[in-house]
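Q: Here it is: the structure, laid out below.
The values are calculated or read from the model by the stated rules, or taken from the named source; none is laboratory data. In this text, all values refer to a predicted model and were calculated from it rather than measured experimentally. Backbone-built Cβ (ideal geometry, glycine too); neighbour counts: all protein chains shown.
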Amino acid sequence: MSGNLYVVAAPSGAGKTTLVRLLLEREPGVNLSISYTTRGPRPGEQNGREYHFVDVETFKGMIDRQEFLEWAEVHGNFYGTSKKWIADQLAAGRDVLLEIDWQGAQQVRSLFPQAIGIFILPPSMEELTRRLTGRGTDAQEVIARRLAAAQAEMRHVGEFDYVIINDQLDQALEDLRAIVRASRLAFPAQRARHAALFDRLI
């Protein structure tokens, strides 16, 4: 496999979705994996764009058929990543980005140990609280649950290769782009992507 697999995780409210969207706009060749989920679409979300929205019965059938690279239950909803789609993309030399939680990242690493793990942190708990409250989409009890979950999730930051502190969005984006660009220049990636050149030169 010659494509890079990027696994980006973060607690809710750290700005992961915004950073990933901006990265995809600025770094051609990075393909976002669209997860399956049983949660309902938020305003403006479209099936097949943000997520593949399915019911619980359909999702559990996919688990039984072992169609997921990883799956997890988060905040009462199921999320999962198509195993075949990821493998096909990497085999074709395409870079793939997974926007998942730490549990999913653990499952991915067990099957793709070469995956590049990136964790996004907020600059403070106060800022994280402000961001979650500012969304205006969740009830107070939901926000409190997300904050408690965020603290538990951040304890897994040491399992990732890179950490970005999302204080200033522009700087955080440049840090994320730097990781992608550097990983593409690593010897295994260059050897796979430019096999004919290496054969001629070496």
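Q: For segment 130-141, what are the residues that are in contact (Cβ under 8 Å) with a residue 24 or more places away in the chain, surrounded by 14 or more Cβ atoms within 10 Å (Cβ to Cβ) and not basic (Lys, Arg)?
A: LEU132, the sole residue that qualifies.
Q: Residue pairs, Cβ under 6 Å, 6 or more apart or interchain, first in segment 91-105 and over 11 Å from GLU153 (Cβ atoms), second among the aromatic types (Phe, Trp, Tyr) and not in a loop (DSSP other than H, G, I, E, B). List them.
A: From residues that are over 11 Å from GLU153 (Cβ atoms), the pairs are LEU97/TYR6.
Q: May I ask you to list pairs of residues, at least six apart or on different chains, whose Cβ atoms are under 7 Å apart, with the first in segment 176-202 being surrounded by 12 or more Cβ atoms within 10 Å (Cβ to Cβ) and the second being of a type in the set (Phe, Trp, Tyr) and part of a helix (DSSP H, G or I)?
A: What qualifies is ARG191/PHE198.
Q: Inside segment 158-175, can you point out the residues that are crowded, with 17+ Cβ neighbours inside 10 Å, part of a helix (DSSP H, G or I) and under 15 Å from the mean Cα position of the chain (by Cα)?
A: Within segment 158-175, LEU173 is the sole residue that qualifies.
Q: Next up: Which numbered condition in (1) surrounded by 15 or more Cβ atoms within 10 Å (Cβ to Cβ); (2) of a type in the set (Gly, Ala, Ser); (3) modelled with pLDDT under 90 is the only one that GLY93 fails?
A: Unmet condition: (1).
Q: Within segment 42-58, identify whether any single residue is loosely packed, with under 11 Cβ neighbours inside 10 Å, on the phi < 0 side of the Ramachandran plot, assigned to a helix (DSSP H, G or I) and at pLDDT 90 or above, and answer yes or no.
A: The answer is yes; a qualifying residue exists.
Q: May I pose another question? Which residues, counting only those in segment 64-88, are outside any strand (DSSP E or B), within 29 Å of ASP138 (Cα to Cα) and either in contact (Cβ under 8 Å) with a residue 60 or more places away in the chain or among the aliphatic types (A, V, I, L, M) (or both)?
A: Selection gives HIS75 alone.
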